[in-house]
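Beneath this line is the structure, given in structure tokens, with notes to follow.
The values are calculated or read from the model by the stated rules, or taken from the named source; none is laboratory data. Keep in mind it's a predicted model, so treat the numbers as computed, not measured. Using ideal geometry, Cβ is built from the backbone for each residue, glycine included, and neighbour counts are taken over all protein chains shown.
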Amino acid sequence: MKYQELILLLALMSGGTAMSATGTARAETGHHHHHHAMAASSGYQRVSASYDVPDVRLVDMNGAPVALRDGLGGDEPILLNFIFTSCTAICPVMSATFRQVQEQLGDERGKVRMVSISIDPENDTPARLREYADRFEAGPQWRMLTGSLKDSIAVQRAFATYRGDKMNHAPATFLRVGGAGTPWVRLDGMASAADIIQEYRNLAAH
């Protein structure tokens, strides 16, 4: 059995952590709006959503500061998820999926920014994120971010993913094509690399 398949099996066995967070986690500001679409046959739900990215300063796995609002600005396509390095269930699967995405994008990978934000910043130092990034062979276009607990929670709330305890973390992938102000597409559930790339190409075609 391949490593990723084993991890996925463990994630599925973990039960409730893989449940959809759509509609259950709401940002305190109420500035995000969801528009639900038909659930995909592969087991994830596609949602069109608008989020207010908080004006917080995080740090990447190399120790470089990142003003998140500016970092998620620009016109480049963005893929985003939330992880923590000590997670043994869904996070390794999501990170392995991102690794597959960057591989399958081929020459196009340099045009797509990938961002993974830690929900356990008290333990996920830049050094730990660097080790995690190396483990999943993150390319230069894939940045992993950490920061203060307060700022991490603010970002999670802004993207309606905050569930209190990190062990309640639910899988979600966010895509945006078209720059700041363009709605995000949120994929709740364990979207595969093929799913994510297809969603990206559908957005890029419009």
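So, of the residues in segment 93-138 that are small (Gly, Ala, Ser) and under 16 Å from the mean Cα position of the chain (by Cα), which turns out to be surrounded by the most Cβ atoms within 10 Å (Cβ to Cβ)? Talk me through it step by step, then tell me what you get.
Our first condition is that a residue be small (Gly, Ala, Ser); within segment 93-138, this holds for 95-96, 106, 110, 116, 118, 127, 133, 138.
After this cut, where a residue has to be under 16 Å from the mean Cα position of the chain (by Cα) as well, the list is 95-96, 116, 118, 133, 138.
Values: SER95: 25, ALA96: 20, SER116: 26, SER118: 28, ALA133: 21, ALA138: 21.
By that ranking, first place goes to SER118.
For segment 68-86, state whether one or more residues are at pLDDT 95 or above, surrounded by fewer than 20 Cβ atoms within 10 Å (Cβ to Cβ), more than 14 Å from the chain's Cα centre (by Cα) and under 24 Å from GLY164 (Cβ atoms).
The answer is yes; a qualifying residue exists.
Just to be sure, is ASP52 of a type outside the set (A, V, I, L, M, F, W, C), more than 17 Å from the chain's Cα centre (by Cα), at pLDDT 50 or above and assigned to a loop (DSSP other than H, G, I, E, B)? Give the steps one after another, and end with the answer.
Values: of a type outside the set (A, V, I, L, M, F, W, C): yes; more than 17 Å from the chain's Cα centre (by Cα): no; at pLDDT 50 or above: yes; assigned to a loop (DSSP other than H, G, I, E, B): yes.
Against the criterion (of a type outside the set (A, V, I, L, M, F, W, C), more than 17 Å from the chain's Cα centre (by Cα), at pLDDT 50 or above and assigned to a loop (DSSP other than H, G, I, E, B)), ASP52 does not qualify.
Select from segment 144-196 the residues that are surrounded by fewer than 18 Cβ atoms within 10 Å (Cβ to Cβ) and acidic (Asp, Glu) and list them in ascending order.
If the condition is that a residue be surrounded by fewer than 18 Cβ atoms within 10 Å (Cβ to Cβ) and acidic (Asp, Glu), then ASP165 is the only one that fits.
Regarding segment 171-180, can at least one residue be identified that is at pLDDT 95 or above, of a type outside the set (D, E, K, R), in contact with a Gly (Cβ under 8 Å, 6 or more places away or on another chain) and more than 21 Å from GLN104 (Cβ to Cβ)?
Scanning segment 171-180 turns up no residue that is at pLDDT 95 or above, of a type outside the set (D, E, K, R), in contact with a Gly (Cβ under 8 Å, 6 or more places away or on another chain) and more than 21 Å from GLN104 (Cβ to Cβ).
Quick one: would you say VAL101 is of a type outside the set (Lys, Arg), modelled with pLDDT of 95 or more and part of a helix (DSSP H, G or I)? If you could, list the steps in order and put the result at the bottom.
Numbers: of a type outside the set (Lys, Arg): yes; modelled with pLDDT of 95 or more: yes; part of a helix (DSSP H, G or I): yes.
Judged against the criteria, VAL101 is a match.
Take the residues of segment 197-206 that are within 20 Å of SER95 (Cβ to Cβ) and not hydroxyl-bearing (Ser, Thr, Tyr): which is surrounded by the fewest Cβ atoms within 10 Å (Cβ to Cβ)?
Kept after step one, since they are within 20 Å of SER95 (Cβ to Cβ), are these residues of segment 197-206: 197-200.
Next, from what is left, pick out any that are not hydroxyl-bearing (Ser, Thr, Tyr): 197-199.
Working: ILE197: 19, GLN198: 14, GLU199: 20.
Ranking the candidates gives GLN198 first.
Would you confirm whether or not segment 60-67 contains a residue that is under 15 Å from PRO140 (Cα atoms), among the charged types (D, E, K, R) and at pLDDT 95 or above?
Yes, segment 60-67 contains a residue that is under 15 Å from PRO140 (Cα atoms), among the charged types (D, E, K, R) and at pLDDT 95 or above.
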